[in-house]
Structure formats: structure tokens, C-alpha cells
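The values are calculated or read from the model by the stated rules, or taken from the named source; none is laboratory data. Bear in mind the structure is a predicted one, so any value in this text is a computation, not a measurement. Cβ coordinates were reconstructed from backbone atoms using ideal geometry, including for glycine residues, and neighbour counts include every protein chain displayed. Calculation scope for accessible area: heavy atoms of the full protein, side chains included, ligands and nucleic acids excluded. Shrake-Rupley method; radii C 1.70, N 1.55, O 1.52, S 1.80 Å.
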Amino acid sequence: MAERPPVTDWATDFDHLSDEWAKHSPEILADLRDQCPVAHTERFFGAYLVTRHTDIDAAARDTETFSNRITIINDNHPDNVGLELPPITLDPPQHGPVRRALLPSFSPKATEALAPTVAAIAERLLDEVAGQETVDGALDYAQMLPVEVMGHLFGVPPEIGPSFRRWTDGILKDGLSDLDIARTAARETQEFFASQLRARRDAGDAAPDDLITTVLNAEAEEPDGTTRPFSERERIGALFTLMLGGIDTTWSSLGVILLHLGTHPDDLERLVDEPALIPSAVEEFLRFYSPVTIARYINTDAEIGGCPVSGGHRMLLAYPSANRDPDYFERPDELILDREDNRHMAFGVGVHRCMGSNLARMELHVGLSTWLKRYPRFELDVDLEDITWSVGPVRGPRSVPLRIPAPRHMTAA
Ligand code: HEM
């Protein structure tokens with residue numbers, strides 16, 4: 001893996017794959033938003049970083065100038081188009097038909113029906129660590145829950161969980177600065193979904209009613225009203241996108257929620273006493289600790305917030321920074337569990353707004369309330385400084401060791 005030269009100046013030499021970014025990106029973004037809202041770097045063949053709410057909002061909606069055909073910035077040349085991940089790597093007009101075909105699987109109704117299953121998975125995960133004095137909120141719980149939920153939706157055996165984790169990490173984290181890791185993860189994921197599709201095709205009418213079968217039979221409705229089946233590349237790409245989109249994002253959010261509560265006893269006590277606050281608290285956690293920063297390919301020379309940006313390069317839309325912009329949010333640097341009017345951008349904006357937001361919210365509500373019922377008291381078992389954060393498009397704590405005090409009735413004597 002290539003050595004990364006240290007950053008000399010975040011405004012002119014940023015490196016979103018550096019360890020410093022992973023650890024301190026909220027502070028770095030706050031400085032840039034204030035002093036250089038569109039930062040630049042010569043790294044990555046020249047790239048930009050957009051940090052203000054108004055600029056991110058405008059750029060995310062301008063799909064003609066800013067293309068989704070590349071959504072991560074790694075050491076690949078920008079013209080070397082990476083993975084095909086429909087619908088996220090499609091621009092209009094190709095994007096809409098594919099997205100609309102997938103949306104029903106993530107409707108509020110479909111998601112609500114899944115809630116008891118998610119609760120059962122959460123209970124089982126907590127049963128597996130019951131009685132331990134220390135539980136890792138990230139490794140034992142937050143990272144397991146969405147992997148199992150996606151496995152359930154896909155209709156694949158739970159034993160595939162570790163592979164989902166390895167492939168997701170390989171594409172979204174370790175593979176960003178080591179392209180061989182990314183290539184291997186991509187090949188294995190594609191082969192896996194291709195074989196699953198084959199099995200369902202072979203099963204014919206006996207194929208299980210799951211997300212892989214839904215994608216196998218998906219049809220895109222074109223603007224002229226005609227429909228066509230997905231191509232095999234679209235099917236594999238869509239399943240790949242759902243795996244990537246559904247796992248790391250949600251586990252990063254649930255992990256950081258437990259990290260926050262393990263270091264803010266007042267917030268923990270309030271949520272335990274007032275569980276009705278969980279929905280608004282989840283929105284505030286999503287705003288305050290937004291995990292996703294996504295890239296765009298710049299089609300033609302353009303301007304963002306008065307700064308020129310060059311066609312043929314890439315730029316990052318820092319949704320986490322938009323969500324702390326004082327021009328848009330009051331008291332942006334305070335986490336307020338019952339914040340009202342919280343129109344955050346954690347799920348993005350415009351045509352690519354997260355397709356899985358209903359599912360993500362439900363998993364976070366169920367995951368958090370199940371944890372709090374089991375563990376109303378806990379605290380971080382290491383120094384906050386020692387927490388390591390993942391680099392890449394999805395930011396979250398890698399490990400969150402939490403000390404669980406013995407129940408009060410056991411210590412009272
Ligand atoms: C806390 C959890 C999640 C967060 C913070 C999140 C965030 C995002 C963001 C910011 C985007 C927009 C990307 C862009 O601007 O190009 C996005 C798109 C997407 N997300 Fe999520 N996501 C989460 C969970 C999920 C889940 C559970 C799924 C489904 C299983 C999912 C599937 C997708 C898909 C398919 C897209 C692409 C939509 C399109 O291009 O039309 N996400 N997500």
C-alpha cells in the first residue's frame with residue numbers, strides 16, 4: 001500500500017483517506033466551511049471538497065453538471081470508471097427507471113413488516129453476549145445487525161455474514177488505498193450474486209420470495225411507458241449496491257449512537273427515561289454524526305459557491321458538513337435529543353436521496369430501543385481518544401468497547 005504524505009494544508013492539499021481525516025474530519029470540515037468552503041487537492045489527479053449546505057444542496061441537484069458515474073474518490077484515475085452500481089452510479093434519464101423498480105421493496109409498509117424480525121435479531125445478538133462485563137457496541141452489535149438484516153432480505157444463509165462484512169470493508173474502506181483489495185472484493189461479490197441469481201432462475205416458480213428473486217424479476221419502466229427486464233449486469237450491480245448501501249452506513253450510525261451514549265450519561269439517562277424521544281433522537285444522531293460523504297464526477301467546467309471547478313475531475317459532497325452548517329441549523333454543534341425541525345441531509349438530497357432511509361430508520365429505532373431495554377446503563381471502557389474511525393465514504397467507529405455495570409439489585413447488598 002502506498003505511503004500517504006502528510007497533509008500540509010487542508011484547503012489546498014486535503015486527503016480524505018488519511019488517518020487524520022478519519023479521526024478529526026468534523027473539526028477539519030468546520031474550519032473549511034468557515035474559511036475555504038470549496039477546498040482543493042492535487043492528490044487523486046486533482047479533486048474538490050464542498051462543505052457548505054447551500055453549495056452541497058445545489059450540486060447534488062444539478063445532475064447535468066455533476067455526474068454520479070463515480071461516487072468514491074480513490075487512487076484510480078477519474079476517467080477510469082469504477083464499479084457499475086445501479087441506481088447510484090446512473091444519471092438521469094437512466095437512473096429513474098432502475099430506482100423505481102427497486103423502491104417498493106423499501107416502502108414504509110414493507111419496512112414496517114420487517115420490524116419484528118429485526119427486533120428478534122437484535123435480541124439474539126444481545127443474548128449471545130449476555131452476562132459479559134464488556135460488550136463491543138460496534139463489533140458485537142452495531143456491525144452484526146444490518147449484516148443479518150440484509151442477509152435475511154436477500155434470503156441467504158447467515159453464514160455469509162462475515163463475507164458481506166469483508167466485501168463491504170474491501171470496497172468502501174481498505175480497498176480505497178489498495179486497489180487490489182477492492183478488485184478482489186468486487187469480483188467475489190459479483191460472483192456470489194451471480195450464483196444466487198442462477199440458483200433462483202433454476203428454481204423457477206419454487207424460487208423463494210426474497211430480494212434476490214425480486215431483483216431477478218425486476219422490470220424498468222422507460223419514459224415512453226414500455227418496460228424491459230433488468231440486464232444481468234444491472235441485477236448484479238443492484239444487489240451489490242444494496243449490500244454496500246445497506247450495511248456499512250447503518251452499522252456506522254448505530255455504532256456512533258452507542259459511542260455517544262457511552263460518553264454522555266445525561267443523554268443516556270434521558271433516553272432511558274423517555275423512550276418516546278427515540279425517533280427524534282435518531283434524527284439528531286443522523287444529523288450530528290452523519291456517516292456518508294459521497295463523490296461526483298464534474299462533467300464540465302463549472303462554479304460552486306463562486307469557486308471555479310474543472311471538468312474531468314471529481315469532488316466530494318460532505319453531507320456531514322452540511323449538517324453542521326450554522327447558516328442552516330441553529331446551535332449546530334450541540335446534540336439536542338428533541339431537536340425540532342431537523343431537516344438534515346444524512347440521506348442526501350435530489351434524485352439519489354437514500355432509497356433505504358425507511359429501513360435504516362427502523363433498524364436504528366429497533367436496534368437502539370432493544371439495546372436500551374437490555375442495558376439502561378453503560379459507559380465507554382476506553383478513552384474516547386483511543387477510538388479509531390473508518391476512512392472512506394462512510395465514517396464510523398471501528399470498535400466501541402462498553403462497560404456494562406452489574407444490575408442494581410446485584411450490587412445493592
Ligand atoms: C443510516 C443509514 C444510511 C445512511 C446515512 C445512508 C445515506 C445515503 C446517502 C447520503 C445517499 C445518497 C448518495 C448520493 O448523494 O449520491 C444514499 C443513497 C442510497 N442508499 Fe442509503 N443510507 C443509509 C442506509 C441505507 C440502507 C439500509 C439501504 C438499503 C438497503 C440504502 C440504500 C441506498 C441506495 C440504493 C442508494 C442509492 C439511491 C439512488 O441512487 O437513487 N441505504 N444513502
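Observations, loosely collected:
- Residue check for Gly255: touching a residue at least 60 places away in the same chain (Cβ under 8 Å), away from the ligand (no atom under 16 Å from the Cβ) and not in a loop (DSSP other than H, G, I, E, B): no
- Test for Gln132: is it away from the ligand (no atom under 11 Å from the Cβ) and open to solvent by 20 Å² or more (accessible area, probe 1.4 Å): yes
- Of the criteria (1) small (Gly, Ala, Ser); (2) open to solvent by less than 30 Å² (accessible area, probe 1.4 Å); (3) in a helix (DSSP H, G or I), which one Gly312 fails: (3)
- Members of region 73-107 found to be open to solvent by less than 50 Å² (accessible area, probe 1.4 Å), of a type in the set (A, V, I, L, M) and over 23 Å from Leu153 (Cβ atoms), listed by number: Ile73
- Taking the criterion of being open to solvent by less than 90 Å² (accessible area, probe 1.4 Å) and without any contact (Cβ under 8 Å) to a residue 40 or more places away in the chain, the only residue of region 373-391 that qualifies is Val382.
- Subset tally (residues that are more than 9 Å from the ligand (Cβ to nearest atom) and hydroxyl-bearing (Ser, Thr, Tyr)) for region 319-336: 2
- Within the option set Ala113, Ala59, being small (Gly, Ala, Ser), open to solvent by 20 Å² or more (accessible area, probe 1.4 Å) and under 23 Å from Gly356 (Cα atoms) holds for one residue only, Ala113.
- Residues in region 315-363 that are touching a His at 6+ places or on another chain (Cβ under 6 Å) and among the polar types (S, T, N, Q): Asn323 only.
Residue-wise test of (1) touching a Lys or Arg at 6+ places or on another chain (Cβ under 8 Å); (2) at pLDDT below 95.
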| site | (1), (2) |
| --- | --- |
| Glu112 | no, no |
| Val129 | no, no |
| Glu133 | yes, no |
| Leu179 | no, yes |
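- Against the conditions (1) open to solvent by less than 40 Å² (accessible area, probe 1.4 Å); (2) farther than 20 Å from Phe45 by Cα; (3) at pLDDT below 95, Arg200 satisfies every one except (3).
- Options Pro332, Pro291, Pro265; residue that is exposed (fewer than 14 other Cβ atoms within 10 Å of the Cβ) and either at pLDDT 95 or above or farther than 27 Å from His95 by Cα (or both): Pro265
- Residue match in region 301-318 (condition: under 16 Å from the mean Cα position of the chain (by Cα), within 16 Å of the ligand (Cβ to nearest atom) and more than 18 Å from Val38 (Cα to Cα)): no
- Any hit, region 3-26, residues being away from the ligand (no atom under 16 Å from the Cβ), among the β-branched types (Val, Ile, Thr), out of contact with any Asp or Glu (no Cβ under 9 Å at 6 or more places or on another chain) and over 30 Å from Thr184 (Cα atoms): yes
- Test result for Glu159, open to solvent by 20 Å² or more (accessible area, probe 1.4 Å), touching a residue at least 12 places away in the same chain (Cβ under 8 Å) and out of contact with any Leu (no Cβ under 6 Å at 6 or more places or on another chain): no
- Of all residues in region 57-71 being of a type in the set (A, V, I, L, M) and under 18 Å from Met345 (Cα atoms), the one that is farthest from the ligand (Cβ to nearest atom): Ala58
- Selection count where residues are part of a loop (DSSP other than H, G, I, E, B), of a type outside the set (A, V, I, L, M) and more than 11 Å from the ligand (Cβ to nearest atom), scope region 337-392: 15
- Residues that are within 15 Å of the ligand (Cβ to nearest atom), over 20 Å from Val366 (Cβ atoms), assigned to a loop (DSSP other than H, G, I, E, B) and touching a strand residue (DSSP E or B) at 6+ places or on another chain (Cβ under 8 Å) do not occur anywhere in region 272-292.
- Checked against the criterion of being open to solvent by less than 10 Å² (accessible area, probe 1.4 Å) and within 16 Å of the ligand (Cβ to nearest atom), the candidates Leu239, Leu244 yield just one match: Leu239.
- Any hit, region 162-177, residues being more than 16 Å from the ligand (Cβ to nearest atom), within 25 Å of Gly262 (Cβ to Cβ), at pLDDT below 95 and in a helix (DSSP H, G or I): yes
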